[in-house]
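Engineer: Next up is a structure, given as structure tokens.
No lab work stands behind these numbers, since they all come straight from the coordinates. None of these values were measured; they are calculated from a predicted model. All Cβ positions, glycine included, derive from the backbone under ideal geometry; neighbour counts span all protein chains shown.
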Amino acid sequence: MKEFIPLLNKTKLFSGAGDEDIASMLDCLGAAVRRYKKGEYVFRQGERARGLTLLAEGGLHIQKEDYWGNLSILNDIKPGEIFGEAYIVPDSGALLNDVVATEDSVVLSFDLDRILSVCPSACPFHTQLVKNLFYTVSARNRGLVRKLDYMSRRTTRDKLLSYLSDEAKRQKSASFAIPFNRQELADFLSVDRSAMSNELCKMRDEGILTFHKNEFTIRNGKTK
């Protein structure tokens, strides 16, 4: 478990904690480690979350597949991020989505009752951890608002430009990489892959952007 302390030190959840604080908190919070191969399910729709979960290594997609097999990617989880927090409060019900490993991954889970209860060991960082959890959930909600903004756009072009613009701003560069391949990007934006690819080619020909695989560069060309 101690090998994950350097990562946890950089997360929003453990912001402000030193290595010794984190080491003591791992025992206090009943931390457990689970490993998943690429393609394995961390959670399945209909299951119940039993604790707060954080991705330590690898990558995850929160996704949903309908009766006909159509897939929608709701979120891409990177190392250091928590997930499934909406389902850990009492009476929150079963999970509505699947969580799938996109590569070999390591997940840490923490006992929520121990997080929210008075710490019997009087850990000095415990109060700050609860505050950090609130801030982290707030940041996740802002991410969901951004996703809703993409989805509310009327055309495939508008959805693409909205998402790519946000990524350029987030990464502070006109050239950036996204965490999706073409099919995953189409699933994330809920658009047809062929139509999306055609739109990307049109924007490239118009000088709006260039791309290679998952790497994009936004130009100064005007959009139509």
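Engineer: If a/c stays under 1.5 just call it rounded; otherwise compare a/b with b/c (prolate if a/b is bigger, oblate if not). Do that for segment 62-192, with a ≥ b ≥ c from the square roots of the Cα gyration tensor eigenvalues.
Structural biologist: Because a/c hits 1.5 or more and a/b exceeds b/c, segment 62-192 counts as prolate.
Engineer: Still on this structure, please answer the following. Return the Cα extents of the chain along principal axes one, two and three, sorted largest first, each rounded to a whole Å.
Structural biologist: Sorted largest first, the three principal extents are 63, 39, 29 Å.
Engineer: Counting only helical runs of four or more DSSP H residues, what would the 222 nm mean residue ellipticity of the chain come to if each run contributes -39,500 (n - 2.57) and the total is spread over all its residues?
Structural biologist: That calculation yields -11500 deg cm²/dmol at 222 nm.
Engineer: A further question on this structure: What lysines does Lys169 reach when the alpha-carbon gap must be under 22 Å and sequence neighbours fewer than 8 apart in one chain are set aside?
Structural biologist: Lys10, Lys12, Lys78, Lys147, Lys159, Lys213, Lys222, Lys224
Engineer: Can I ask one more? Tell me the label-point distance for the pair Asp91, Ala195, using the 7 Å Cα-to-Cβ offset, in nm and rounded to one decimal.
Structural biologist: Roughly 4.1 nm, to one decimal.
Engineer: Charges only on Cβ, +1 for Lys and Arg, -1 for Asp and Glu: so what's the dipole of the chain about the Cα centre, in debye to the nearest 20?
Structural biologist: With only Lys, Arg, Asp and Glu charged at Cβ, the dipole is about 900 debye.
Engineer: Inverting the mean 1/r over all pairs of different Cα atoms, compute the Kirkwood radius of segment 153-218 and quote it in Å.
Structural biologist: One over the average 1/r among Cα pairs gives 11.8 Å for segment 153-218.
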